[in-house]
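Scroll down for the structure; my scribbles are underneath it.
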Amino acid sequence: MGRSYDQLTLEERCAIARLREGGQSIGQIAAALDRSPSSISRELRRNTGSGPRAGAYRPVYAQEQTRARRWSGSRLERDEVLRKTVLDLLARGWSPEQVAGRLKRQAGRTVIGVESIYRFIYAQAARTNDGAWRHYLPRAKYRRGRRRKKGGSPALHIKHRVGIAQRDEAVADRAQAGHWEADFMLFARYGQSVLVLHERTSRLTLFLKTDTRKAEPTAELLRRLLEPLPPALRLTLTFDNGTEFAEHHRLNPAPLALATYFCDPHAPWQKGGVENAIGRFRRILPRRTDLDQVDPDQIFDATRAFNHTPRQCLDYRTPAEVFCERVLHFERESTSRPSPG
């Protein structure tokens, strides 16, 4: 049974240098480090020399030499044929993943790893100080990894923000009406948008073409849409962390008294109702649509058709039917309730 051998660490090499300077013998150094005397002898012989050229043992130099001995060069540096094949495929616009996968399919075995290709390209760019090497990669980045946006998450800049974790758990099961979600549909042309307001229980959804996504006009539009409803049908409103909803607190005071909540950063699926509605409405208004060519009456007609389409989740009733039932129910309750005093 073969014996395994662990390379000396930098800490051990520093200890060797210290003990050697203190006049300790090879056997004493080996005992102190729990190493064999032959390992210590070989380490000193390799990194101090012998005869008149012998010098002091330097642990950092010894560590660097060990790394140099173990490095055999990149596979693509050693194999000229493979290097030419990989670079030709990269030059055709293939990604490293496609190159590695295709070569594996052709050879029936792994020929080169994806990481090896990336490392080779970035190593060549650093060694030659030539940024043109990055153009072999699909996105031609100078560095690997995603670039972080400056300023952090927009959630950090929304005043009076309340996270969705603090929202009543009863909202999630859609049993109680009056819980809403809001978002914007965006389009290929900059500045074009449609405000989407979705009621979670009935799935009633409003789509309104807007001229701006600034926070104050957005909050005012939401207030005008929700204020005419019975108080029992305007309980909560949930957004993502877009700064267009930064003035949400304007909806909190009476008479609206609407509780507002925000999804966790990068978790828009937590308001899945409005996300699903937007996905359905994309059949009518695809992202490539030029809203300047769409009349508001067309969006109104599409919204009406959308809310009068039966849904399986509503037992094939329409969102408009279910919402109207809730409105009539609360109106009857308010008229039959005795007046205070």
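The values are calculated or read from the model by the stated rules, or taken from the named source; none is laboratory data. In this text the structure is predicted, and so the values were computed from the model without any measurement. Cβ sites come from the backbone with ideal geometry, for glycine too, and all protein chains shown count toward neighbours. The accessibility values were calculated without ligands, DNA or RNA, using every heavy atom of the protein model including side chains. Shrake-Rupley method; radii C 1.70, N 1.55, O 1.52, S 1.80 Å.
For the stretch 260-284, which residues satisfy the criterion of being of a type in the set (A, V, I, L, M) and surrounded by 18 or more Cβ atoms within 10 Å (Cβ to Cβ)?
274, 277, 278
Tell me, yes or no, whether the stretch 256-267 has at least one residue that is closer than 23 Å to residue 322 by Cβ, in a helix (DSSP H, G or I) and not small (Gly, Ala, Ser).
Checking the stretch 256-267: not a single residue is closer than 23 Å to residue 322 by Cβ, in a helix (DSSP H, G or I) and not small (Gly, Ala, Ser).
Of everything in the stretch 7-27, what is surrounded by fewer than 15 Cβ atoms within 10 Å (Cβ to Cβ) and out of contact with any Pro (no Cβ under 8 Å at 6 or more places or on another chain)? Give them in sequence order.
Those that are surrounded by fewer than 15 Cβ atoms within 10 Å (Cβ to Cβ) and out of contact with any Pro (no Cβ under 8 Å at 6 or more places or on another chain): 7, 9, 11, 18, 21, 22, 23, 25.
Could you give me the residue pairs with C-beta distances under 7 Å whose first residue belongs to the stretch 25-36 and is free of Cβ contacts under 8 Å to residues at least 12 places away in the same chain, whose second residue is open to solvent by 50 Å² or more (accessible area, probe 1.4 Å) and outside any loop (DSSP other than H, G, I, E, B) wherever it lies, and which are 6+ apart or on separate chains?
27/37; 30/37
Among the residues of the stretch 107-126, are any part of a loop (DSSP other than H, G, I, E, B) and touching a Cys at 6+ places or on another chain (Cβ under 9 Å)?
no
Sort out which residues of the stretch 243-295 are modelled with pLDDT under 90 and over 22 Å from residue 200 (Cβ atoms), and write them in order of number.
254, 255
Select the helices (runs of 4 or more DSSP H) contained entirely in the stretch 1-94, then report the ones holding at least 2 residues which are under 28 Å from residue 121 (Cβ atoms) and at pLDDT 90 or above.
Because the criterion is at least 2 residues that are under 28 Å from residue 121 (Cβ atoms) and at pLDDT 90 or above, the helices (runs of 4 or more DSSP H) in the stretch 1-94 that meet it are 80-91.
Here's a check for you: in the stretch 202-247, which residue that is out of contact with any His (no Cβ under 6 Å at 6 or more places or on another chain), part of a loop (DSSP other than H, G, I, E, B) and aliphatic (A, V, I, L, M) is nearest to residue 313 (Cα to Cα)?
Step by step, filter the stretch 202-247, then rank; the result is 204.
For a quick check of your reading of the model, give me the residue pairs whose first member lies in the stretch 78-103 and is acidic (Asp, Glu), whose second is in a helix (DSSP H, G or I), with beta-carbon atoms closer than 8 Å and at least 6 apart or on different chains.
These pairs meet every condition: 97/114.
Here is a yes/no grid of residues against (1) within 24 Å of the chain's Cα centre (by Cα); (2) at pLDDT 80 or above; (3) over 30 Å from residue 77 (Cα atoms):
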position: 129; (1), (2), (3): no, yes, no
position: 136; (1), (2), (3): no, yes, no
position: 155; (1), (2), (3): yes, no, yes
position: 164; (1), (2), (3): yes, yes, yes
position: 168; (1), (2), (3): no, yes, yes
position: 173; (1), (2), (3): no, yes, yes
position: 184; (1), (2), (3): yes, yes, yes
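Determine which member of the set 264, 290 is in contact with a Lys or Arg (Cβ under 7 Å, 6 or more places away or on another chain), in contact (Cβ under 8 Å) with a residue 12 or more places away in the chain and more than 14 Å from residue 184 (Cβ to Cβ).
Matching residue, one of 264, 290: 290.
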